1. Considering only residues of region 101-122 that are over 12 Å from the mean Cα position of the chain (by Cα) and assigned to a helix (DSSP H, G or I), which is surrounded by the most Cβ atoms within 10 Å (Cβ to Cβ)?
2. Pull up region 1-27, narrow it to residues that are out of contact with any strand residue (DSSP E or B) (no Cβ under 6 Å at 6 or more places or on another chain) and among the aliphatic types (A, V, I, L, M), then point me to the one that is modelled with the lowest pLDDT.
3. Within the bounds of region 136-144, is there any residue that is aromatic (Phe, Trp, Tyr) and surrounded by fewer than 13 Cβ atoms within 10 Å (Cβ to Cβ)?
4. Within region 140-150, can one find any residue that is within 35 Å of the chain's Cα centre (by Cα) and outside any helix (DSSP H, G or I)?
5. Select, from 77, 71, 86, the only residue that is under 34 Å from the mean Cα position of the chain (by Cα), modelled with pLDDT of 95 or more and either surrounded by fewer than 13 Cβ atoms within 10 Å (Cβ to Cβ) or among the charged types (D, E, K, R) (or both).
6. Output the residues belonging to region 90-108 that are over 16 Å from residue 65 (Cβ atoms) and touching an Asp or Glu at 6+ places or on another chain (Cβ under 7 Å).
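The values are calculated or read from the model by the stated rules, or taken from the named source; none is laboratory data. A quick note: this is a predicted structure, and the numbers were derived from the prediction, not measured. With ideal geometry, Cβ positions are generated from the backbone for all residues, glycine too; neighbour counts draw on all protein chains shown.
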Amino acid sequence: MSITRIKFISSPIENYGGFLVDYDNGLTLNIPSDISNSDYQRLIQEIAENNLIVEGPDIIEPSYTELRAAEYPTLQEQEDMRYWDEINGTTVWRDTITAIKDKYPKTITGGTTIGEVPDWVQEAADNWTFNKHLREYVAAIEILEDENTTEEEKTLAQSVIDSTPQEVIESLN
């Protein structure tokens, strides 16, 4: 089964400098944010070469019930508010609860959305592709300059040169 999707399930882990990646084949890897690490290199190569679907981490948005529950005063505090409202003829409890309900209306349903893929992922994949083209271009030039090169090798080398993006060629000047 080939991998078609990679999902970043966490940002760099604090004090570790790595991140979790979930592959659609069920494998989850903790990959260091270190360009010399082989897992990191393999991930970037897979993204660059295989046109994989790359997703950001899930962003879980709480529902209105979760948001309200986190902000409501404790039941003991609410009972105290009710007591003093009755003693003082005030509406502190009602005002407090109404303010929370207004702040978090029932239209906040919560749910999960897919977050952005970190910018560095595309940059790293683009750099990997650029460097691959550069290596292939330099190797093709060397083949054409070698007097022992066969016509077939020259033809293949010339096709690599012809298909090399202009920005790669210009980077050598």
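1. My answer is 101.
2. Top of the filtered list is 1.
3. No, region 136-144 has no match at all.
4. no
5. That would be 71, the only listed residue that is under 34 Å from the mean Cα position of the chain (by Cα), modelled with pLDDT of 95 or more and either surrounded by fewer than 13 Cβ atoms within 10 Å (Cβ to Cβ) or among the charged types (D, E, K, R) (or both).
6. Within region 90-108, 91, 92, 93 meet the criteria.
Rundown of residues vs (1) under 30 Å from residue 154 (Cβ atoms); (2) touching a residue at least 24 places away in the same chain (Cβ under 8 Å); (3) of a type outside the set (Val, Ile, Thr), yes/no style:
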residue: 46; (1), (2), (3): no, yes, yes
residue: 60; (1), (2), (3): no, yes, no
residue: 77; (1), (2), (3): no, no, yes
residue: 107; (1), (2), (3): no, yes, no
residue: 120; (1), (2), (3): no, no, yes
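Residues checked against (1) aliphatic (A, V, I, L, M); (2) assigned by TED's automatic domain parsing to the domain that holds residue 34; (3) in contact (Cβ under 8 Å) with a residue 60 or more places away in the chain:
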{"residue": "97", "(1), (2), (3)": "yes, no, no"}
{"residue": "128", "(1), (2), (3)": "no, no, yes"}
{"residue": "131", "(1), (2), (3)": "no, no, no"}
{"residue": "155", "(1), (2), (3)": "no, no, no"}
